[in-house]
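Data first, discussion second: the structure below is written as structure tokens.
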Amino acid sequence: MSFHFPTKQALVQEVYLDGVKRTSEAVEAEVGEDTEPLQGLANLTLRLASLLIDDDLTVLACSRLSRDDPTGHFAWRDTWRGHVARLADRACSSPGSTVNCSRKTLGFLVHCLLAGTEVWAVHADAERHAALSHLAAAWQQAMPGGRMDTEG
């Protein structure tokens, strides 16, 4: 594949752009204003985790580039961080919210759950359903609201 690109950096850039595009499309399809915010956050977290552990190698590459790039050029997490923040704001400010939370804490939780799911699935060579089931259990343990349906 690399022979189609003039440099290794051009290949890396193209992989990154493709992963960002796929992530953005998935996020836009998942985030809806009519969903209860905490449920929306659970849905978005599950969708992002699915992208990371499925066979979509460009998304996995984006995550790794974002994590390992000290320059901040590969900011894959920016494709979903704003959506997480908005959902977290809505969840925490909802009058019927039974969750004592903050936007920063929910954002941190989502980030940690995604990073943990990615690492666990890759290094444990875990089957997809098992990884998503563990993610759903961790979400339920940390946030009693927003059920994750891993059967879909």
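A few points about this structure:
Each row is one residue, and each column tells you yes or no for (1) open to solvent by 70 Å² or more (accessible area, probe 1.4 Å); (2) closer than 16 Å to L41 by Cα; (3) modelled with pLDDT under 70.
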site	(1), (2), (3)
L113	no, yes, no
H123	yes, no, no
L132	no, yes, no
A137	no, yes, no
G146	no, yes, yes
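- Residue in the range 34-47 that is loosely packed, with under 12 Cβ neighbours inside 10 Å and either hydrophobic (A, V, I, L, M, F, W, C) or modelled with pLDDT of 90 or more (or both) present: no
- Cβ-Cβ distances below 7 Å connect the following pairs, each with a first residue in the range 17-40 that is of a type in the set (S, T, Y), a second residue that is in a helix (DSSP H, G or I), and a separation of six or more residues or different chains: T23/L51; T23/V59; T23/C62; T23/T79; T23/W80; S24/T79; T35/N43.
- Checking each residue in the range 65-83 for being open to solvent by 30 Å² or more (accessible area, probe 1.4 Å), at pLDDT 90 or above and among the basic types (K, R) picks out only R81.
The values are calculated or read from the model by the stated rules, or taken from the named source; none is laboratory data. Since we're looking at a predicted model, the values are computed, not measured. Here Cβ is always computed from backbone atoms with ideal geometry, including for glycine, and neighbour counts include all displayed protein chains. Ligands, DNA and RNA are stripped out before the accessible areas are found, and what is left, the full protein with its side chains, is counted by its heavy atoms. Shrake-Rupley method; radii C 1.70, N 1.55, O 1.52, S 1.80 Å.
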